[in-house]
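Contents: one structure, followed by commentary.
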Amino acid sequence: PHLLHIVSRDPEPPPVEYIRVSGGIFLDMTIHDFDMARFLIGSEVEEIFVLANVMNSPDIAAAGDVDTAVLMLQFTNGVIGTISNSRRAAYGYDQRVELLGSAGVISTGNNYPNTAIISDDHSVRRDLPHRFFVERYTESFVSEMAAFVDAVLHELPVPVTGRDGRIPVVMALAAQKSHIENRPVRLSEIER
């Protein structure tokens with residue numbers, strides 16, 4: 001692939017009490033997108049640039065955070081990525097991914113409670129995407145737990161390393177620095 005686009009929007013922001021202790025949108029929300037970006041591209045990010053603001057929740061601004069962000073990622077293998085985050089999507093979880101390559105595109109859409117689409121002479125409509133993360137991620141949570149239990153029972157290495165946990169934190173800190181300083185930040189500035 002040569003272009004990655006991730007959309008990740010939550011149905012509503014968490015309570016402001018949580019925002020105050022969460023570490024901010026990049027350590028709390030975007031960090032999961034960083035995990036996915038590294039996995040999908042199979043390369044490390046070397047530079048991040050962020051534009052972010054408070055567009056929906058003045059309480060979040062008062063807590064020192066933002067609720068809307070667009071991030072540009074430069075991977076070491078040349079791939080360019082974007083992540084679009086919002087803490088408020090009135091219609092439910094909006095989480096999509098698109099990978100563009102020279103031979104075509106792969107994309108994933110939102111998960112819905114059912115696959116029914118009603119089409120008539122007035123409109124085409126369907127249920128809204130899931131509104132709660134447990135509904136949205138049940139299969140993922142079960143798969144993660146099964147992989148962990150299998151590793152413990154059969155003395156196998158776990159599929160995720162400590163480095164896999166550390167690098168997204170470094171990416172989130174680079175994103176915070178980019179937002180504060182309004183400039184691209186190389187991960188090497190954070191890893192020192």
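Data table
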| quantity | calculated |
| --- | --- |
| Ordering of 9-16, 25-32 by burial proxy (mean other Cβ atoms within 10 Å per residue, highest first) | 25-32, 9-16 |
| Estimated FRET transfer efficiency (Asn77, Asn53; beta-carbon r; R0 35 Å; 0.05) | 0.70 |
| The range 2-55-the range 116-192 distance, computed between alpha-carbon centres (Å) | 9 |
| Electrostatic dipole magnitude of the chain [Cβ: Lys, Arg +1; Asp, Glu -1; Cα centre; debye, to 20] | 340 |
| GNM top mover of Asp35, Asp150, Asp121 - the chain, alpha-carbon springs below 10 Å | Asp121 |
| Calculated mean projected area of the Cα convex hull in nm² (choose from (i) 12.0; (ii) 14.2; (iii) 18.6), label | (ii) |
| Calculated [θ] (222 nm, deg cm²/dmol) that DSSP helices of n ≥ 4 give over the chain, each run adding -39,500 (n - 2.57) | -10500 deg cm²/dmol |
| Nearest-20 debye value, the range 42-117 charge dipole, Cβ charges on Lys, Arg, Asp, Glu | 280 |
| Semi-axis lengths (Å, descending) of the ellipsoid that matches the C-alpha gyration tensor of the range 71-168 | 31, 23, 14 |
| The range 36-171: relative contact order as a whole-number percent, Cα under 8 Å and 6+ apart | 14 |
| Directionally averaged shadow of the range 129-174, computed from the convex hull of its alpha-carbon atoms, nm² | 4.6 |
| Equivalent ellipsoid, the range 23-103 (semi-axes from 5 times Cα gyration tensor eigenvalues, Å) | 25, 14, 10 |
| 5 angstrom amide H check on Ala89, placed H, neighbours 5+ away | Asp10, Glu12 |
| Karplus (6.51, -1.76, 1.60) ³J(HN,Hα), θ = phi - 60°, over the range 78-85, in Hz, Gly and Pro reported as x | x, 5, 10, x, 10, 10, 10, 10 |
| Value in Å of the Kirkwood radius, where the range 67-121 supplies the Cα pairs that are averaged | 14.3 |
| Selection from Leu99, Ala116, Val152 lying farthest towards where the dipole of the range 44-192 points positive, charges on Cβ | Leu99 |
| Ranking of Val185, Val21 by count of other Cβ atoms within 10 Å, fewest first | Val21, Val185 |
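Values quoted throughout were computed directly from the atomic coordinates according to the rules given, and no laboratory measurement underlies them. What you see is a predicted model; the values in this text were computed from it and never measured. When we count neighbours, we look across all protein chains shown, and the Cβ atoms used for this are built from the backbone with ideal geometry, even at glycine.
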